[in-house]
Structures are given as structure tokens and as C-alpha cells.
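Worksheet: one structure, shown below.
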There are 2 protein chains.
Amino acid sequence: MDEERRRQRAAVLKAMGHPSRLAMLEAIAGGERCVGELQAVVGSDLSTISRHLAVLKNAGIIGDRKRGQQVFYHLRVPCVLNFFRCVDAVLGVESLLEIQDDGCCLPARSR
Amino acid sequence: MDEERRRQRAAVLKAMGHPSRLAMLEAIAGGERCVGELQAVVGSDLSTISRHLAVLKNAGIIGDRKRGQQVFYHLRVPCVLNFFRCVDAVLGVESLLEIQDDGCCLPARSR
DNA sequence: TGCTTATTTGGCAATATAACCAATTATGCC
DNA sequence: GGCATAATTGGTTATATTGCCAAATAAGCA
């Protein structure tokens, strides 16, 4: 159903909507990272990192693979970070208050 | 600062991370919409709609313009919805558990 | 087996979100 | 001014999120 699809899309965005999780995603985008490495990036308690990773995994954004005693996380769909070209555009605009019809930052059908 | 930028990006994603707000954004992507029209789409209480709109506006995703006694909302950066090609890819993958190196859904530097 | 390292989970407190109703503000019309 | 319509804001309650500590689980090594 359409409603269900929207629910899932929202869940993905919501999962990405946290500074620490974003920092983790950026790190993971550079290649597989284990929990300890991600803690070094973010700085929170290890248990907190683990919970954030669970959120991202649960949303389907990352996957994990156990190697030895470490768990390595990777992006399941690397392009998720491309969106930031557009998000940054949201942040950047100060002046324009009307709808822009041009293609903005991405190729296809904006509206 | 880099940390601050991340905080703002997260705020934009977080604002989009709610089914009702997503439905509203889709409607608004089709052109300016006033609060009453959006209520018809979503179905919640008018006050709830108004609060959701405040969240989106606060994140910089939409802008508003008062005409008569109605307030019309529009997308500030229409491309925000393009991201869903990628979000849907996140939802669609069942099989692949390893990092994909190909371009996925969007043009440029995935990682 | 016992010890160390890596990660997850249970439990808890603080804070944030979401939704509704009721009341308020703002605009237009008579 | 007085009334109707459109939208926002105050107040409240229920629920979810976040972050930490402590405890549990899992894997490797002596």
C-alpha cells in the first residue's frame, strides 16, 4: 500500500536524522568499520554506539558482518549519502522563498 | 564547523522522517498547498497538521506565504524528493549484504 | 578452562515527539 | 463592529528516543 511505503521511507529518513548516526554513516561510507572504530569517531559510550548502529541496521541502511570478535558494518546502498548535496542546498538557501523550477542539484523530475 | 553542519543535516532528515510530513511534502511538491488542503490529505487534526508544517518550515524544507486568510506552503528546494529513488533502493534490497561499488541510483561519488 | 577483548542487552532517568482539545489570533465579509 | 473561516498556540497526556552504567554474551588466546 501507498501508506505503508511512506511509513518505510519515513523510517529510513528518521534513522538518518541524528548527528551521531550521520557521522557514523560518513565513516562507514569510507569502507567497513567496526564498532570500536566508530566509537573513536563519535565519542559516545560504546553501548550508545551499538544502539545507534542497531537503529541504522533496523532501517536497512547498513548491514553487518562478523569477523573474529569484531562486527563490521557497511552501507547497504552507498548512494544514501548523495542526498546531502540536496540537503545542503536546503541549508544554504537564505534568499529564495519561492519555488524553483530548475533542476536544483539532482537530475530528474523534481516535481 | 563540521559538527554543526552535521547537526543541521540531521535536522533536515529528522524533519522528513515522519509519514504524515512525507505525505504533506508529496502534496506540496505538486504545487503550493494551504493547511486545509493538507489536512484533507493527511486526515489528522488541523492543529497537528499545523505543528507538522512548523517542523518542516523550521528545518528549512518548506516556506510559507500568506494569501488572504490562508497560508500556502511550498518546497524551498524541490529536489528533496529525489532522494526517494535511493531510499526506495534501501527498502528494496533483500539479497545484497555486501557493499556495492556501482553507482546505484544517483550519478556521482557514492563513496 | 580461565582471561581478555569486542559487542550487545537490561534497566533506568531525562528529554523530546506526537496527538488531541480548547482557546487564541488573523483575515475577510456583512 | 460582529460573525465566519483559516490557522496557530497553550496545555495535557501518551509514547518514543537518547544516553549512560552495569551486566551478559561471544570470540580469541594462554
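For A:E32, state whether it is out of contact with any Phe, Trp or Tyr (no Cβ under 7 Å at 6 or more places or on another chain) and either acidic (D, E) or closer than 13 Å to B:L13 by Cβ (or both).
Values: out of contact with any Phe, Trp or Tyr (no Cβ under 7 Å at 6 or more places or on another chain): no; either acidic (D, E) or closer than 13 Å to B:L13 by Cβ (or both): yes.
For A:E32, the condition - out of contact with any Phe, Trp or Tyr (no Cβ under 7 Å at 6 or more places or on another chain) and either acidic (D, E) or closer than 13 Å to B:L13 by Cβ (or both) - is not met.
Report the residue count in the range A:54-89 for those that are part of a helix (DSSP H, G or I), over 11 Å from the mean Cα position of the chain (by Cα) and within 12 Å of DNA strand D (Cβ to nearest atom).
First pass over the range A:54-89, keeping only residues part of a helix (DSSP H, G or I): A:54-58, A:78-89.
Remaining after also requiring over 11 Å from the mean Cα position of the chain (by Cα): A:54, A:58, A:85-89.
Retained after the next criterion (residues that are within 12 Å of DNA strand D (Cβ to nearest atom)): A:54, A:58.
Qualifying residue count for the region: 2.
Failed condition for A:L91, given (1) surrounded by fewer than 21 Cβ atoms within 10 Å (Cβ to Cβ); (2) in contact with a strand residue (DSSP E or B) (Cβ under 6 Å, 6 or more places away or on another chain); (3) modelled with pLDDT under 95, with all others met?
Evaluating A:L91 over (1) surrounded by fewer than 21 Cβ atoms within 10 Å (Cβ to Cβ); (2) in contact with a strand residue (DSSP E or B) (Cβ under 6 Å, 6 or more places away or on another chain); (3) modelled with pLDDT under 95 leaves (2) as the failure.
Would you be able to say whether some residue in the range B:55-73 is surrounded by 18 or more Cβ atoms within 10 Å (Cβ to Cβ), within 13 Å of DNA strand C (Cβ to nearest atom), more than 21 Å from A:S20 (Cα to Cα) and basic (K, R)?
Within the range B:55-73, not a single residue is surrounded by 18 or more Cβ atoms within 10 Å (Cβ to Cβ), within 13 Å of DNA strand C (Cβ to nearest atom), more than 21 Å from A:S20 (Cα to Cα) and basic (K, R).
Which one is nearest to the other protein chains (Cβ to nearest Cβ), of the residues in the range A:1-46 that are of a type in the set (G, A, S) and not in a helix (DSSP H, G or I)? Please lay out each step first, then the result.
We begin by selecting, within the range A:1-46, every residue of a type in the set (G, A, S); these are A:10-11, A:15, A:17, A:20, A:23, A:27, A:29-31, A:36, A:40, A:43-44.
Subsequent filtering for residues that are not in a helix (DSSP H, G or I) retains A:17, A:30-31, A:43-44.
Details: A:G17: 3, A:G30: 7, A:G31: 8, A:G43: 10, A:S44: 13 Å.
It comes out as A:G17.
Go through the range A:54-80 and give me each residue that's more than 7 Å from chain B (Cβ to nearest Cβ) and within 20 Å of B:C86 (Cβ to Cβ).
First pass over the range A:54-80, keeping only residues more than 7 Å from chain B (Cβ to nearest Cβ): A:54-59, A:62, A:64-73.
Selection gives A:V55, A:L56, A:K57, A:N58, A:A59, A:I62, A:Y73.
Which condition breaks for A:I49 when tested against (1) modelled with pLDDT of 95 or more; (2) surrounded by fewer than 18 Cβ atoms within 10 Å (Cβ to Cβ)?
The one condition A:I49 does not meet is (2).
So, in the range A:1-41, how many residues would count as being more than 12 Å from DNA strand D (Cβ to nearest atom) and of a type in the set (S, T, N, Q)?
Adding up the residues that qualify gives 1.
The values are calculated or read from the model by the stated rules, or taken from the named source; none is laboratory data. Computed from a predicted structure; not experimentally measured. Virtual Cβ from ideal backbone geometry, glycine too; neighbours counted across all protein chains shown.
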